[in-house]
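Before any comments, here is the structure.
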Amino acid sequence: PDDFEALLKGYTQQGYRVIALAWRQLRGEIGLRRLTRMRRAEVETDLIFLGFLVFENKLKPETAPVVKQLHEANIRQVMCTGDNVLTAVSVSRKCGLISSRNPVYTLMPHSDVFYDWVALDEGHAPEVPGEFPSGAFDLAIDGNAFQWLLDREDDSLLSKVLVKAQVFARMSPEQKHVLVERLQDLGYCVGFCGDGANDVGALKGADVGVSLSEAEASAAAPFTSQRTDVSCVPALVREGRAALATSFGAFAFMAAYSLVQFASVLAMYAVRSNLADLQFLLVDIGIILPVAVGMSESGPSRAIHTRAPTASLVSRRVLVAVIGLVAVQVVFQAAVFAWVRTADWYAPPPSRGNDDDGREAGHGVTPSLENTCVFLVSCFQYVFVALRFCAGPPHRESVWLNGQFVFTTALLLFLLVALVVSPPPVAVAALGLLPLPAAGRAGLLGLVALDWITTWACDAALFPALLRTIKVAERAAAERRFLRRPRGELDEVGAVVHGRTDAARLARRERWGRKGKLYKVVEDDLTAA
């Protein structure tokens, strides 16, 4: 019929799925064997059109809130479907994936070289020849255009499409898999949700695959949702980020605890002593183990933060926190060590001679006031460091909601205060401690309180300021390196530097490339255009 294209476009723009029905009478005697051997092209010729079979697949009520939540968290979302491009665009607008105010363009290849950008909406410019569209717009690509881009040798246009397009329609299973791989090549961490056999390849290739059914897709995906909608995605993101933050926090805690204990041992070596075996055992079994177990019980934050947690153990954020906290604790251990030796009630440890075979008598276990005070302060410091690295937001819930960790740390602090104020004789004898006078106990608890206040203040104000200073210094150094480069080399990287602004942009692009975040370079190109 004459209105075939108009009717089809009208139904698909409303979000319906449309199947065209046609028939043909096969003349002559055709047996079943011959019929099964006929090629599809041979059968589907000279068909008589009957009409459209129109399906309505209503948008699930959970979809739009999930899309909004992920958008607010600065997580990019892309639709990859086998449906008609107009149907996909209509559904994308209903769920908020693309704006209803922006025009939507699609790529229309004409030959191996020439192509146009065609507007899918009425009331907008019908074609944008050649150059990539500019301004506020959205992009929808079908499988034919995607394959045309893959067959071209121009990766620049493909990269721009991969970064800008939000709808990929009429995609075959192989094309879905290729799409995931190409997005990963640009530096994206790709998650894929699918519910059918045509999604198996993409689910396997994605960094995180989520099957929304228990059919074939569940065998290929590492995660299977018990619900058939995308409401599981925010929960998966929150749990994954919380798990990463907890792992890095546990690593930083173990590293800091080891360095703080190493400083205690060095302080003991200064008086030709050491921590006793039971002191090491108490720290490892009585403090570190329950605290580390409690740290892992923190749940995910209820909201998804706009920035993902660091993915590098040697990032600035991790190193500054570990080194800074260790430095604070070492300073206070040195202060306690000096304070003890200058106190009025200080008594030096008894001198130790050498055995006949040249070994020091009682090596490493002689009780002393230095050992007692440094050991007790270091026990408090392990709890302080744990409190820092179990901090909740933005990726984990508040530490006060972690009942096991709060109870463990509160109990440890209570027992440590009791060990300072009124130590049981059994503990004193077993740990090799010496009793402290009232002035010594009060002074020690005062230094412990000052240690916690300093630790909290440094973590809240000093370390963030130091991070910003290091970041600014690194960027300034990178800009200076660009400014010292030859003019010809600057031309090759895409711009001639006339001032610091251009140098900053080029240094930023170089940093993105070094980190593998090529999509940010493409985004910068699109913004500059």
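The values are calculated or read from the model by the stated rules, or taken from the named source; none is laboratory data. These numbers come from a predicted model, not from an experiment. Cβ coordinates were reconstructed from backbone atoms using ideal geometry, including for glycine residues, and neighbour counts include every protein chain displayed. Protein only, heavy atoms only, side chains kept; ligands, DNA and RNA dropped before computing areas. Shrake-Rupley method; radii C 1.70, N 1.55, O 1.52, S 1.80 Å.
Within segment 476-485, is there a residue that is in a loop (DSSP other than H, G, I, E, B), at pLDDT below 95, among the basic types (Lys, Arg) and exposed (fewer than 10 other Cβ atoms within 10 Å of the Cβ)? Yes - at least one qualifying residue is present in segment 476-485. Of all residues in segment 291-309, one or more are of a type in the set (Gly, Ala, Ser), open to solvent by 30 Å² or more (accessible area, probe 1.4 Å) and over 30 Å from ALA427 (Cβ atoms).
Does VAL365 fit the bill of being modelled with pLDDT under 95, under 26 Å from the mean Cα position of the chain (by Cα) and of a type outside the set (Lys, Arg)?
On the way: modelled with pLDDT under 95: yes; under 26 Å from the mean Cα position of the chain (by Cα): no; of a type outside the set (Lys, Arg): yes.
It is false that VAL365 is modelled with pLDDT under 95, under 26 Å from the mean Cα position of the chain (by Cα) and of a type outside the set (Lys, Arg).
MET254 fulfils the conditions (1) in a loop (DSSP other than H, G, I, E, B); (2) surrounded by fewer than 19 Cβ atoms within 10 Å (Cβ to Cβ); (3) more than 17 Å from the chain's Cα centre (by Cα) except for a single criterion, (1).
For ALA465, the requirement of being of a type in the set (Gly, Ala, Ser), modelled with pLDDT of 85 or more and open to solvent by 50 Å² or more (accessible area, probe 1.4 Å) is not met. Of all residues in segment 95-119, which are modelled with pLDDT under 90 and out of contact with any strand residue (DSSP E or B) (no Cβ under 8 Å at 6 or more places or on another chain)? Listed by number, the residues that qualify are SER100, ARG101, SER111, ASP112, VAL113, PHE114. In segment 492-529, the qualifying residues are those that are of a type in the set (A, V, I, L, M) and not in a helix (DSSP H, G or I), and the one that is modelled with the highest pLDDT is ALA529.
Taking segment 386-457 as the region of interest, the helices (runs of 4 or more DSSP H) fully inside it that hold 2 or more residues being at pLDDT 95 or above and surrounded by 19 or more Cβ atoms within 10 Å (Cβ to Cβ) are 403-421, 438-457.
Run down ARG101, ARG93, ARG152 and say which single residue is open to solvent by 20 Å² or more (accessible area, probe 1.4 Å), of a type in the set (Lys, Arg) and within 23 Å of VAL522 (Cβ to Cβ). If you could, list the steps in order and put the result at the bottom.
Numbers: ARG101 fails: within 23 Å of VAL522 (Cβ to Cβ); ARG93 fails: within 23 Å of VAL522 (Cβ to Cβ).
Residue meeting the stated conditions: ARG152.
On the basis of being under 30 Å from PRO393 (Cβ atoms), in contact (Cβ under 8 Å) with a residue 24 or more places away in the chain and out of contact with any strand residue (DSSP E or B) (no Cβ under 9 Å at 6 or more places or on another chain), does GLN261 make the cut? So GLN261 fits the description; yes. Among the residues making up segment 9-30, those that are outside any loop (DSSP other than H, G, I, E, B) and closer than 30 Å to LYS94 by Cα are LYS9, GLY10, TYR11, THR12, GLN13, ARG17, VAL18, ILE19, ALA20, LEU21.
Can you say whether LEU282 is surrounded by 15 or more Cβ atoms within 10 Å (Cβ to Cβ) and within 30 Å of PRO349 (Cβ to Cβ), as far as the supplied structure shows? If you could, list the steps in order and put the result at the bottom.
On the way: surrounded by 15 or more Cβ atoms within 10 Å (Cβ to Cβ): yes; within 30 Å of PRO349 (Cβ to Cβ): yes.
When the stated conditions are applied, LEU282 passes them.
Pairing each residue of segment 310-336 that is within 17 Å of TYR382 (Cβ to Cβ) with any residue that is open to solvent by less than 20 Å² (accessible area, probe 1.4 Å) and polar (S, T, N, Q), provided the two are 6+ apart or on different chains, yields C-beta distances under 6 Å for VAL328/THR455; GLN329/GLN381. When GLY187 is tested against (1) of a type outside the set (Ser, Thr, Tyr); (2) open to solvent by 40 Å² or more (accessible area, probe 1.4 Å); (3) at positive phi, only condition (2) is not met.
Of all residues in segment 338-354, exactly one satisfies the criterion of being open to solvent by 90 Å² or more (accessible area, probe 1.4 Å) and either part of a strand (DSSP E or B) or at pLDDT 95 or above (or both), namely ASN354. For segment 53-88, the tally of residues that are among the charged types (D, E, K, R), under 18 Å from ASP229 (Cβ atoms), touching a residue at least 60 places away in the same chain (Cβ under 8 Å) and surrounded by fewer than 17 Cβ atoms within 10 Å (Cβ to Cβ) stands at 2. Count of segment 62-99 residues, restricted to those that are over 23 Å from the mean Cα position of the chain (by Cα) and within 18 Å of ASN144 (Cβ to Cβ), is 9.
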